[in-house]
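Working notes, beginning with the structure itself.
Each value in this text was obtained by applying a stated rule to the coordinates, not by laboratory testing. Given the structure is predicted, the values throughout are model-derived calculations rather than measurements. As a convention, Cβ positions derive from the backbone with ideal geometry for all residues, glycine included, and neighbour counts pool all protein chains shown.
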Amino acid sequence: MWEQGEIIENGFSCGLMVKNFDSSNDSVWDSTNLINVKFYKEKERNQERIKTTYKISSSVLFKLSTKPINAEISGSLTKNNEESYYIKNFLDIETHIEKIGKLVETCENNLKNQIDEIYIKKTKEVKLINL
């Protein structure tokens, strides 16, 4: 984690790396998630609120072995997403952890689903056509 300026109100960024290796089929999942958090003060009915925007850029490098067709697939994908919420204060750590965790989980699941749709199903189609 690192700050975006001298004070927390300027926001912060963090990085989260995930590595998963399955030795049973020699598959690898290496992902890097960079999250940028920005704060905006808004006034509504003479009350100041803090709007927080979480921007994520997730990249994954993968190598998969598909059974039973014995094909090896490797590649990379990148996905970006952005979500905004209102928070109590700039140092609302529990909320930051919750929102960042859900954002990373959602992005990684979207990448996994995209890999399944684009790479695995297409490889099975091509392999079956060539049999």
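When residues of region 35-91 are filtered for being touching a helix residue (DSSP H, G or I) at 6+ places or on another chain (Cβ under 6 Å), over 19 Å from residue 12 (Cβ atoms) and surrounded by fewer than 16 Cβ atoms within 10 Å (Cβ to Cβ), how many remain?
2
Looking only at residues that are of a type in the set (A, V, I, L, M, F, W, C) and closer than 21 Å to residue 52 by Cβ in region 97-122, which one is surrounded by the most Cβ atoms within 10 Å (Cβ to Cβ)?
It comes out as 107.
What's the total number of residues in region 1-34 that are among the aromatic types (Phe, Trp, Tyr), closer than 25 Å to residue 77 by Cβ and surrounded by fewer than 14 Cβ atoms within 10 Å (Cβ to Cβ)?
1
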